[in-house]
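The values are calculated or read from the model by the stated rules, or taken from the named source; none is laboratory data. Remember, predicted model here, so these are calculated numbers, not experimental data. Cβ sites come from the backbone with ideal geometry, for glycine too, and all protein chains shown count toward neighbours.
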Amino acid sequence: GQRGKSSLPHARERTLIAVKPDGVQRRLIGQIIQRFEQRGFKLVGMKMLQVSVSEMNAFTMSVCNSSVTVDVSVVKVSEDLLSQHYSELRAKPFYPSLLYYMTSGPVVVMVWEGHNVVQTSRTMVGTTNPTEAQPGTVRGDFSTHVSRNVVHASDSLEGAKREIQLWFQGQELLNWDCCDQKSISEV
Ligand code: GDP
Ligand code: MG
């Protein structure tokens, strides 16, 4: 099936998790890392960066149902990291404001590894729109509006692979043995 083609054994599935700029500003990095550690996943890569802004531009976004033109240092979007990361969303009306949000400050990107980590981390993160996110999820505990939903999590095995390659060089990811691995999983 889908997993049979993966080069990683099942227990070594990996996903990309990012604390978005609002999560960093609100000092939530530690609490978010803690949730993945205590669940039993293994951190294999982490870095802090701010996606650079390369071109002065202006864009129009909708604020409280009216159009507002915002003059900001956004973004030669065509080739950069974020436009690849969010390539599926390019046609969405909120795409410019998404880029503005994601470049507004530092992000912390991480790669977490473990059994079924892609799907389980989506559950831990909660629905895209925090209005529907269950309490106990990151978004359900820390956010109220879809425009500031604190975290990113890859949504599929293929997406995770693509996003990990986009954000990390191979040598930035560490293969290391967790001393408690036999207590976490038999595989
Ligand atoms: P995710 O995989 O749960 O993060 O959701 P998507 O991949 O569908 O969207 C990516 C990100 O775009 C979301 O996490 C939000 O930050 C943002 N986003 C999605 N829908 C909206 C929207 O309707 N308005 C705004 N402002 N941002 C949105
Ligand atoms: Mg997504």
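Could you tell me whether segment 177-186 includes any residue that is under 17 Å from the mean Cα position of the chain (by Cα) and either under 18 Å from V118 (Cα atoms) or within 13 Å of ligand 1 (Cβ to nearest atom) (or both)?
Scanning segment 177-186 turns up no residue that is under 17 Å from the mean Cα position of the chain (by Cα) and either under 18 Å from V118 (Cα atoms) or within 13 Å of ligand 1 (Cβ to nearest atom) (or both).
Restricted to segment 161-170, and to residues that are surrounded by fewer than 17 Cβ atoms within 10 Å (Cβ to Cβ) and not polar (S, T, N, Q), which residue is farthest from Y86 (Cα to Cα)? Break it down into steps so the answer makes sense when it comes.
The initial filter retains those residues of segment 161-170 that are surrounded by fewer than 17 Cβ atoms within 10 Å (Cβ to Cβ), namely 162, 165-166, 169-170.
Retained after the next criterion (residues that are not polar (S, T, N, Q)): 162, 166, 170.
Details: R162: 11, L166: 11, G170: 21 Å.
Selected residue: G170.
In segment 79-97, what residues are within 13 Å of ligand 2 (Cβ to nearest atom), among the aliphatic types (A, V, I, L, M) and at pLDDT below 95?
L82
Which one is surrounded by the most Cβ atoms within 10 Å (Cβ to Cβ), of the residues in segment 136-160 that are in contact with a strand residue (DSSP E or B) (Cβ under 8 Å, 6 or more places away or on another chain), in contact (Cβ under 8 Å) with a residue 40 or more places away in the chain and not hydrophobic (A, V, I, L, M, F, W, C)? Full working, then the answer.
Of all residues in segment 136-160, those in contact with a strand residue (DSSP E or B) (Cβ under 8 Å, 6 or more places away or on another chain) come to 138-139, 141, 150-154, 160.
Retained after the next criterion (residues that are in contact (Cβ under 8 Å) with a residue 40 or more places away in the chain): 138, 150-154, 160.
Next, from what is left, pick out any that are not hydrophobic (A, V, I, L, M, F, W, C): 152, 154.
Values: H152: 20, S154: 24.
Ranking the candidates gives S154 first.
Assess whether G114 counts as being surrounded by fewer than 21 Cβ atoms within 10 Å (Cβ to Cβ), farther than 21 Å from L81 by Cα, assigned by TED's automatic domain parsing to the domain that holds V24 and more than 8 Å from ligand 1 (Cβ to nearest atom).
no
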